[in-house]
């Protein structure tokens with residue numbers, strides 16, 4: 001059969017992996033799709049950069065439009081990153097009837113709906129398995145594996161950098177600043193780590209998972225986000241003593257026609273399967289009404305794991321090409337759901353308060369909880385030799401986010417409270 | 001669009017779940033497939049048995065042939081179990097151009113190749129996600145998610161009954177016999193537990209996973225099997241002290257044109273992700289050349305988890321029906337691989353020997369290892385207050401199965417060894 005010709009946008013880490021797999025597994029791949037797969041043209045930043053793979057230099061161009069406009073090319077594999085410019089390339093490629101495989105979470109989180117609508121109009125495939133959780137086939141799982149079920153909850157460790165930092169802090173008792181510096185030296189964290197450590201990267205991935213899991217449009221701005229830069233090694237030690245780990249968890253929940261979605265450092269019970277996901281690994285825990293608890297674990301980034309997902313998508317596109325059914329299995333969210341109000345989002349909370357060390361303080365504090373309708377699971381008051389204030393540790397029962405916000409507001413007015421040192425959502 | 005009509009063979013646990021999901025999620029399902037799904041006829045053992053779901057009695061029949069021969073029916077969902085008779089139903093349904101969804105691991109392990117060949121001939125779909133690991137979409141993952149990769153190793157906890165027993169033995173220090181009895185009372189183990197506890201059920205599932213993972217025909221007789229009935233609570237305590245858990249693991253490995261596959265109680269390092277899979281849960285660990293370590297976790301059995309996979313397959317069949325591409329994506333193993341010889345299967349071993357308590361014994365034993373080319377990682381000799389013999393615990397480095405067999409043979413001739421109390425494969 002006629003070879004399928006692929007245009008590659010980007011030859012960085014993931015692009016190199018894609019070439020490696022297509023070259024190295026050519027025989028295997030063509031046995032599955034029924035024809036050779038040829039990487040016809042590659043758009044690169046610099047044409048004469050030394051590379052770890054063998055590439056015919058004639059295939060390289062520094063102009064992505066040359067790839068997009070090449071009439072020989074059937075499928076565009078986009079692994080260059082970027083949002084606005086890249087969106088232009090993708091839309092034009094679709095306009096020309098080319099199918100898309102992308103690893104670009106930013107693009108899909110911000111413009112997924114527009115891109116998928118264009119794909120549907122042009123009967124093209126757009127696959128993006130590699131955009132979330134690298135080598136873990138979680139997008140397929142949500143679309144196909146659980147097509148029969150109603151997903152109730154998704155919890156994800158979907159950012160390797162922050163999981164690496166929290167794991168090191170937990171296992172070695174190191175400080176956030178020290179581990180971040182080490183992660184930067186090892187290449188696990190960017191020079192500007194904001195997008196990772198402030199939870200933005202995780203939020204983008206969660207909006208994609210939420211859209212697929214709940215079959216409704218989840219926008220990036222629906223995700224309430226906080227990052228890990230305020231997590232202290234003392235918090236992690238407190239958590240451990242109570243039988244918890246602290247993880248940056250994306251948590252998406254849906255009930256009837258509502259959903260909530262957030263990313264925040266969370267205390268997760270140590271016995272929960274996701275609590276032992278360590279280092280740069282990712283995992284997505286999915287709770288379905290029928291299937292119950294499931295979890296999917298693997299490398300969330302890296303050249304070869306991410307390329308595995310990209311090339312698996314490429315195989316799917318080419319199989320559809322052979323059958324003439326591209327674009328016909330496109331999933332478009334078909335449900336109208338709205339964000340759950342804060343008075344209907346319930347979870348447990350951990351609070352560490354620094355308070356005046358005098359009589360009656362605890363009574364005042366517990367009074368606030370009572371007045372805000374938040375019931376308490378446990379309260380411990382202790383002296384801290386390094387701190388002239390007393391410390392009070394409180395774990396609540398399930399309380400609404402609205403009620404907890406009221407508690408925190410009241411705390412600001414309460415003079416006996418010096419400060420709310422830590423506040424975590426508690427799960428598991 | 002015209003409704004799709006489904007014939008159901010079996011209305012036991014899983015069949016009931018299938019009806020529950022198709023009835024309860026009808027709106028969701030038809031949004032995805034573009035037409036209503038109607039369960040048209042159901043073959044049951046007893047037509048007047050009380051049931052927990054509402055079914056029009058006119059749909060029930062005690063004759064499966066009535067379902068197979070109904071010209072209105074597009075898809076047969078087989079959840080009745082059984083091998084030879086059931087195979088007859090399936091082949092006849094395919095002959096009549098009906099697509100198949102089955103949860104039947106025994107059928108697929110024993111006759112999968114024949115059934116898939118018939119399906120290809122008749123351009124019909126045969127999907128069987130529910131046959132392995134219940135609600136975990138592992139078959140899709142191996143076929144599609146990792147289509148781009150070469151799978152090197154699969155380790156599976158694919159039998160919930162034995163995992164429940166081993167978990168209880170590990171967590172409560174209970175004996176095999178006591179936990180088995182309890183599991184039988186709770187309905188987690190059959191009155192005749194042989195198929196589960198002797199590893200046969202796991203072997204069937206592993207042969208299916210091996211076939212898909214290595215893209216070659218793995219026959220049931222290729223699987224070397226041993227069960228858990230010889231696992232003692234003392235073994236589990238020994239394992240724990242060394243930092244291991246004992247799990248009934250299916251282990252399939254492939255390199256170049258060879259593969260090995262086995263099911264046996266295995267000591268797995270406690271830090272390995274599969275070691276903390278407890279109770280009736282299942283998990284499949286997959287190591288791919290490119291993707292590296294991944295693991296997929298969930299309920300391995302039960303009404304709703306298994307039905308989730310069955311109905312997800314039904315959705316896939318109906319989507320293919322709409323597109324007119326049934327049977328065209330059938331995966332047929334395309335690689336010729338042969339079983340690895342025992343001299344090329346390598347793993348670590350744990351041995352517990354009861355030996356004469358006298359001088360020179362250890363020297364004789366270590367001499368045997370040396371002569372068989374097995375090098376040792378650790379050797380501990382200890383007295384056991386409950387045992388007049390001395391105990392020697394040996395952990396080997398990686399050794400070939402052939403060499404270890406030689407060692408065990410030589411031990412039989414060695415008079416100082418009273419008995420080889422325990423012998424485990426060690427992983428992780």
Quick one: count up the residues across region B:61-89 that are surrounded by 19 or more Cβ atoms within 10 Å (Cβ to Cβ) and out of contact with any helix residue (DSSP H, G or I) (no Cβ under 7 Å at 6 or more places or on another chain). 1
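If we only count helices (runs of 4 or more DSSP H) wholly inside region A:174-230, which ones have 1 or more residues that are surrounded by fewer than 22 Cβ atoms within 10 Å (Cβ to Cβ) and modelled with pLDDT under 95? Write out each step before concluding.
Details: elements: A:176-186, A:194-197, A:200-214.
By residue number, A:176-186.
From the list A:119, A:133, A:109, which residue is crowded, with 24+ Cβ neighbours inside 10 Å, in contact with a helix residue (DSSP H, G or I) (Cβ under 6 Å, 6 or more places away or on another chain) and either in a loop (DSSP other than H, G, I, E, B) or more than 9 Å from chain B (Cβ to nearest Cβ) (or both)?
Details: A:119 fails: crowded, with 24+ Cβ neighbours inside 10 Å; A:133 fails: in contact with a helix residue (DSSP H, G or I) (Cβ under 6 Å, 6 or more places away or on another chain).
Answer to the selection: A:109.
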Name the residue that is nearest to the other protein chains (Cβ to nearest Cβ), counting only residues in region A:261-300 that are crowded, with 23+ Cβ neighbours inside 10 Å, more than 15 Å from the chain's Cα centre (by Cα) and part of a strand (DSSP E or B). A:294
Give just the number: which of (1) more than 8 Å from chain B (Cβ to nearest Cβ); (2) closer than 19 Å to residue A:216 by Cβ; (3) crowded, with 22+ Cβ neighbours inside 10 Å does residue A:332 not satisfy? (3)
Scanning region A:25-80 residue by residue, those free of Cβ contacts under 8 Å to residues at least 40 places away in the same chain, in a helix (DSSP H, G or I) and away from chain B (no Cβ under 14 Å) turn out to be A:57, A:58, A:59, A:65, A:66
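Collect the residues in region B:301-328 that are without any contact (Cβ under 8 Å) to a residue 40 or more places away in the chain and facing another protein chain (nearest Cβ under 7 Å), keeping them in residue-number order.
First, the residues of region B:301-328 that are without any contact (Cβ under 8 Å) to a residue 40 or more places away in the chain: B:323-325.
Hits for region B:301-328 are B:323, B:325.
Is region A:353-364 home to any residue that is within 36 Å of the chain's Cα centre (by Cα), surrounded by 19 or more Cβ atoms within 10 Å (Cβ to Cβ) and in contact (Cβ under 8 Å) with a residue 60 or more places away in the chain?
Taking every residue of region A:353-364 in turn, at least one turns out to be within 36 Å of the chain's Cα centre (by Cα), surrounded by 19 or more Cβ atoms within 10 Å (Cβ to Cβ) and in contact (Cβ under 8 Å) with a residue 60 or more places away in the chain.
Suppose we keep only residues that are assigned to a loop (DSSP other than H, G, I, E, B) and within 9 Å of another protein chain (Cβ to nearest Cβ) within region A:138-171. Which one would you say is nearest to residue B:135 (Cα to Cα)? First the steps, then the outcome.
Looking only at region A:138-171, we keep the residues that are assigned to a loop (DSSP other than H, G, I, E, B), and these are A:146-150, A:158-159.
If we keep only those that are within 9 Å of another protein chain (Cβ to nearest Cβ) too, we end up with A:146-150.
On the way: A:146: 9, A:147: 12, A:148: 11, A:149: 10, A:150: 13 Å.
By that ranking, first place goes to A:146.
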Number of positions in region B:65-109 that are under 16 Å from residue B:318 (Cα atoms) and either within 18 Å of the chain's Cα centre (by Cα) or in the same structural domain as residue B:209 (by TED's automatic domain parsing) (or both): 1
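Within the group A:151, A:115, which residue is free of Cβ contacts under 8 Å to residues at least 40 places away in the same chain, under 30 Å from residue B:311 (Cβ atoms) and within 21 Å of the chain's Cα centre (by Cα)?
Within the list A:151, A:115, the selection yields A:115.
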For region B:1-24, the count of residues that are without any contact (Cβ under 8 Å) to a residue 60 or more places away in the chain and within 10 Å of chain A (Cβ to nearest Cβ) equals 1
Which one of the conditions (1) over 30 Å from residue A:315 (Cβ atoms); (2) in contact with a strand residue (DSSP E or B) (Cβ under 7 Å, 6 or more places away or on another chain) does residue A:189 fail to meet, given that it meets all the rest? (2)
Considering region B:8-55 alone, what residues qualify as being under 22 Å from residue B:94 (Cβ atoms) and either outside the structural domain of residue B:86 (by TED's automatic domain parsing) or surrounded by fewer than 17 Cβ atoms within 10 Å (Cβ to Cβ) (or both)? B:38
For region B:349-364, the count of residues that are under 24 Å from residue B:427 (Cβ atoms) and out of contact with any helix residue (DSSP H, G or I) (no Cβ under 6 Å at 6 or more places or on another chain) equals 4
Failed item, numbered, when residue A:339 is tested on (1) over 25 Å from residue B:305 (Cβ atoms); (2) surrounded by fewer than 20 Cβ atoms within 10 Å (Cβ to Cβ); (3) within 11 Å of chain B (Cβ to nearest Cβ); (4) modelled with pLDDT of 95 or more: (3)
Please work out if residue A:245 is outside the structural domain of residue A:352 (by TED's automatic domain parsing), at pLDDT 95 or above and farther than 18 Å from residue A:143 by Cβ. yes
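The values are calculated or read from the model by the stated rules, or taken from the named source; none is laboratory data. This one's a predicted model, so the numbers in the text were calculated from it and none came from an experiment. Counting neighbours? That spans all protein chains shown, and the Cβs are built from the backbone with ideal geometry, glycine included.
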